[in-house]
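Worksheet: one structure, shown below.
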Amino acid sequence: MSSPQSSRGSPHPPAPAAKSSGGSGKKKLAPPKRTQLTEEHLKKLMELDDLSMVEDIEILFSTVTDLNGGGLVKCKSLRSLALIDTALLDISPNTLLPVSQTLERLNLSQQGITRMLNVLNLPVLRELYLQENAITRIEGLSGCPRLQRLWLYGNKISKIDGLQPAGELRELWLQQNKISRVGGLEALVHLENLGLAGNKISDYKDLQRLGLLPSLKKVSFDDIHFGSCPLTRLEGYRNFALSSLKQVTHLDGLEVTSGDRAAAEDAFMESILKFNNKMEELNREGMREVQAIEARHTRTKSHGDALREEMIQAFDMLEKLVKEGLKNLHNEHERQVRVRKQNQMALESSLMNIATGFAEEIEKQLEEEKKMETNEDAAFAILEARTVAERDQEMLISSLQYSPPGEAGGDLRIACQFIGDHLPDFAFQMSGFHSAQEAGAGDRDKLTLMKCYRIYNEELTRDFTEQYNDGEGAREAKVTTMWMCCGIEDAAKIFRGAIDDDFVLFSDPMMASEVGSFKNGIRGVLSGAADAEGEVDFETMGENGVSNTMAGIVSKPLRKVVGEKVGEVEGVREGAEVPFAAFYMVQCRVAVSLFSTINVEERPTDKDLKGLKAQIPKSAQALKVTWGGGGQEVEVEEGQTSRKAPFMYLVKKNRSAHVLPEYHLLVAGETPQE
């Protein structure tokens with residue numbers, strides 16, 4: 001294949017054309033839609049069962065990121081392989097091994113390749129196209145002893161090096177790189193075409209180095225497609241180039257005729273003569289300057305004696321002034337001694353006052369330090385309690401994922417994933433968690449998400465999918481996200497699908513923390529009490545809480561230890577007591593198509609739930625309970641926007657297939673007011 005020349009009048013060099021053919025004819029392949037090139041996929045593209053006779057393969061603008069699928073193993077006759085803009089970042093050293101003895105032409109342009117090492121172990125390769133990648137250096141050519149054409153334009157190469165093994169190279173394109181000096185080409189005695197346009201070459205010495213290449217015919221430093229080098233903008237560039245590169249027949253895409261070369265040599269010789277004449281003129285100017293300097297030196301010497309007499313008189317006057325100055329200095333010294341004594345007495349008095357004030361300030365600071373120490377002790381106590389809560393959550397996750405066969409849940413297929421607060425998934429969960437609290441937060445601050453685990457139960461997910469997509473004629477189920485607040489033991493039963501009690505789901509996590517989802521009422525995980533002086537009082541909640549559960553309040557400066565931002569609580573002065581608690585929550589997806597709805601005047605409490613659970617119809621999946629607005633849009637003050645009023649679902653323990661628990665959350669916020 002002949003390559004297009006890079007010149008001022010030629011079209012932009014296209015990506016080298018490659019063909020896909022069988023043994024008897026050529027057929028262009030449709031770009032594959034897979035990321036791995038397997039043997040079956042290649043046979044389908046070629047419409048052949050036998051790949052042993054395929055000679056040319058071309059894949060354009062598809063997404064083939066991996067060639068290790070075995071697709072090239074059967075291509076024993078492959079001579080040309082082209083992958084253009086397929087998102088191929090790199091290939092392993094043995095990827096092209098099955099075709100290394102037959103491959104003569106390789107095109108991996110417009111990829112994300114950064115190094116050439118793994119590509120080049122092809123002993124019969126003659127043409128290599130790696131343009132428009134991210135290659136920073138030339139290397140690995142020792143595996144291609146017969147290489148004659150190498151295209152590397154549009155990369156990030158800063159130095160011409162590593163070409164010594166490619167002694168048979170005829171054509172080398174290095175346009176649009178970061179090359180500033182020309183070198184490393186001495187071994188390319190057969191090089192005929194060299195493209196360097198669009199680089200940073202700016203020295204005439206780089207032109208002279210190309211004169212050592214005996215076979216060089218075409219060279220370009222300026223191209224309408226790739227741009228120009230700074231060298232081409234120097235005065236006399238073309239004349240100097242034609243005079244220095246006598247073997248070149250095309251410069252910057254333009255043919256060099258004998259008349260062009262003769263005119264360039266004449267112009268170059270004329271510039272040399274002008275330069276020599278300029279140097280002679282400068283020499284004459286220099287001689288005139290030297291003579292003028294000698295004349296000035298003579299005049300200066302004649303004035304030296306007169307200047308000496310003037311200097312003697314000046315020194316005599318200076319001596320007189322120095323003596324008078326010493327006398328004045330002595331008088332001033334005595335005055336300064338008197339003033340210093342007076343100032344010393346005043347300073348001693350001031351220091352005495354400062355020492356007294358400093359002692360008082362030290363005592364005040366000591367009192368402040370004691371208060372800060374008390375606050376820190378309280379903070380560490382709360383932090384230790386939070387650590388225990390996180391430990392219990394992690395033990396729950398461990399029991400779900402690693403229960404041995406034979407134990408409860410041991411035969412289930414459960415996978416757990418920790419979602420760190422630096423991940424986008426955590427930000428997404430935080431956004432949805434906060435948005436769901438807008439309707440029912442009231443005067444309380446929103447709950448804050450501290451830790452999040454995604455939990456996948458294969459059996460529950462399959463049952464849930466069948467619940468809202470069970471074939472033709474089924475009612476369309478509305479899928480929504482809801483929350484329940486419960487202890488560790490209930491959470492384990494929920495994620496194992498072993499719920500043994502009726503439960504309640506809430507559209508607002510804030511309600512879940514205030515009402516509870518199970519009859520035992522276990523919601524709180526961690527809380528503490530600290531007054532404005534930092535005194536903390538912890539006490540066990542007993543039957544109303546879980547292990548390591550404490551009840552009370554914590555002062556505003558200590559809220560940050562559980563993920564709360566201190567400045568977000570409006571209307572609370574520094575040091576004031578702010579209710580605080582943390583909770584375990586389970587986030588579920590709910591697909592309810594058959595449910596009954598009732599509306600009550602006020603939001604139900606823990607005591608109301610028992611009576612409401614008894615009203616769940618036998619034919620319904622759940623009982624939807626609304627109050628106040630009854631699920632209608634209500635006006636809010638912030639921005640005058642509307643949103644749905646909160647509601648809850650009451651679900652029977654034996655009718656929970658439409659509830660899919662997905663996340664286990666550890667959240668923090670103000671303690672619900674009884």
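Before moving on, here are some points about what is shown:
- Counting only protein chain heavy atoms and rolling a 1.4 Å probe, the accessible areas of Ser596, Ser100, Ser349 rank, largest first, as Ser349, Ser596, Ser100.
- Backbone HN-Hα couplings from phi across the stretch 291-308 [Karplus 6.51/-1.76/1.60, Hz, Gly and Pro as x]: 4, 5, 5, 4, 5, 5, 4, 5, 5, 5, 5, 5, 8, x, 5, 4, 5, 5
- Evaluating 6.51 cos²θ - 1.76 cosθ + 1.60 at θ = phi - 60° for every residue in the stretch 205-216, the Karplus couplings come out as 4, 5, 5, 5, 5, 6, x, 7, 8, x, 9, 5 Hz, glycine and proline recorded as x.
- Accessible surface ranking for Glu104, Glu255, 1.4 angstrom probe, highest first: Glu255, Glu104.
- Counting Cα-Cα pairs of the stretch 90-217 in 5 Å increments starting at 0 gives whole-percent bin shares of 2, 11, 21, 25, 21, 11, 6, 2, 1, 0.
- Area accessible to solvent at Met345, 1.4 Å probe radius, in Å²: 140
- Electrostatic dipole magnitude of the stretch 191-322 [Cβ: Lys, Arg +1; Asp, Glu -1; Cα centre; debye, to 20]: 240
- The stretch 47-106 and the stretch 169-224: distance between their alpha carbon centers, rounded to Å: 32
- Here Phe275 and Ile312 are evaluated by their C-beta separation; at R0 = 45 Å the FRET efficiency comes out at 0.25.
- Amide H within-cut-off set for Asn68, under 5 Å, with H built and near neighbours excluded: Leu37
- Structural size metrics of the stretch 158-274, computed from C-alpha coordinates, are Rg and Dmax of 13.8, 44 Å.
- Rounded to the nearest whole Hz, the Karplus-based 3J(HN,Hα) values (6.51 cos²θ - 1.76 cosθ + 1.60, θ = phi - 60°) of the stretch 485-490 follow the sequence 10, 7, x, 4, 5, 5, with x at glycine and proline.
The values are calculated or read from the model by the stated rules, or taken from the named source; none is laboratory data. Owing to the predicted nature of the structure, the values given are computational and were not obtained by experimental measurement. Every residue, glycine among them, receives a Cβ derived from its backbone with ideal geometry; neighbour counts consider all protein chains shown. Quick note on the areas: whole protein, heavy atoms, side chains included, nothing else; ligands and nucleic acids left out. Shrake-Rupley method; radii C 1.70, N 1.55, O 1.52, S 1.80 Å.
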